[in-house]
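Following: one structure in structure tokens, then a few remarks.
The values are calculated or read from the model by the stated rules, or taken from the named source; none is laboratory data. Source: prediction; values computed, not measured. In this analysis, Cβ positions are derived from the backbone assuming ideal geometry, glycine residues included, and neighbour counts consider all displayed protein chains. SASA here: full protein model, heavy atoms, side chains in, ligands and nucleic acids out. Shrake-Rupley method; radii C 1.70, N 1.55, O 1.52, S 1.80 Å.
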Amino acid sequence: MDVQATTSSTATDSTQTAQSQLLGNYNTFLTLLTAQLKNQDPLAPLDATQFVSQLSQLASVEQAITGNQKLDKIIDALGASTTLSDVGLIGRPVEVAGSNAELTNGTTHLSYNLAAEATQAVVTIRDQSGNIVNVQPVDTQAGDHKIVWNGQDSHGDQLDDGIYNFQFSAVDAKGTPITAQGYVTATVTRVETSSTGSTLVLTNGDKVAASAVRAVMQS
């Protein structure tokens, strides 16, 4: 069980930089304004309307930056809330798109989706060395399907528990490939956070975005 935080503060840094630049410009403007007022020609005084307009513009920019600071705080708060929610997935089995599944106690549960009806569909199972250990026919109807593999190879021998690779493939009557997406279930062991969101580390060795979770099961 682990949570790694690497949240970027780029937006906050940008706002702070903008505010610092504004303060410098503001002080420079006041210095120049004071110097001009001191050295103006009494017979041709400077137009005060322009100074008021420039001060108003600077004030507007300052208000915009202050607003951005508040938005940054809101975004940070929402990000923290989302991260806490994702942390709750640690120790929970989740279903995600993938091809690596765990064989545990001689059984593994898989799902797949066919984009259209096929005339032939199979799942090819490989071990961690890439060797094909079994090829099984699966349902050819379009849509979502669930299967259970008993951990046996093509000869009926029971294989050791571990990680196996599952590739679903299908073709229509003309032999044209049909999109087949496999889904695996694995347990979340770690949550890593960044400016782009949370990444879940799974027991099958995969890393997926928290937004990629298709379903969450009871542990």
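Residue 106 meets each of the listed conditions (1) open to solvent by 20 Å² or more (accessible area, probe 1.4 Å); (2) touching a strand residue (DSSP E or B) at 6+ places or on another chain (Cβ under 8 Å) apart from (1). Residue 141 passes every criterion in (1) open to solvent by less than 50 Å² (accessible area, probe 1.4 Å); (2) in contact with a Leu (Cβ under 8 Å, 6 or more places away or on another chain); (3) assigned to a loop (DSSP other than H, G, I, E, B) apart from (1). Checking each residue in segment 173-213 for being open to solvent by less than 50 Å² (accessible area, probe 1.4 Å), of a type in the set (D, E, K, R) and farther than 27 Å from residue 130 by Cα picks out only 192.
Of the residues making up segment 68-106, those that are at pLDDT 60 or above and more than 20 Å from the chain's Cα centre (by Cα) are 68, 69, 70, 71, 101, 102, 103, 104, 105, 106.
I need the full set of residues from segment 165-204 which are within 25 Å of the chain's Cα centre (by Cα) and of a type in the set (Ser, Thr, Tyr), in order please. The answer is 179, 183, 185, 187, 189, 193, 194, 195, 196, 198, 199, 203. Within segment 118-134, the presence of a residue that is small (Gly, Ala, Ser), within 32 Å of the chain's Cα centre (by Cα), surrounded by 14 or more Cβ atoms within 10 Å (Cβ to Cβ) and under 27 Å from residue 209 (Cβ atoms) is excluded. Within segment 148-168, the set of residues being surrounded by 19 or more Cβ atoms within 10 Å (Cβ to Cβ) and over 13 Å from residue 103 (Cβ atoms) comprises 168 only. Of the listed requirements (1) closer than 19 Å to residue 107 by Cα; (2) under 24 Å from the mean Cα position of the chain (by Cα); (3) basic (Lys, Arg), residue 146 misses just one: (2).
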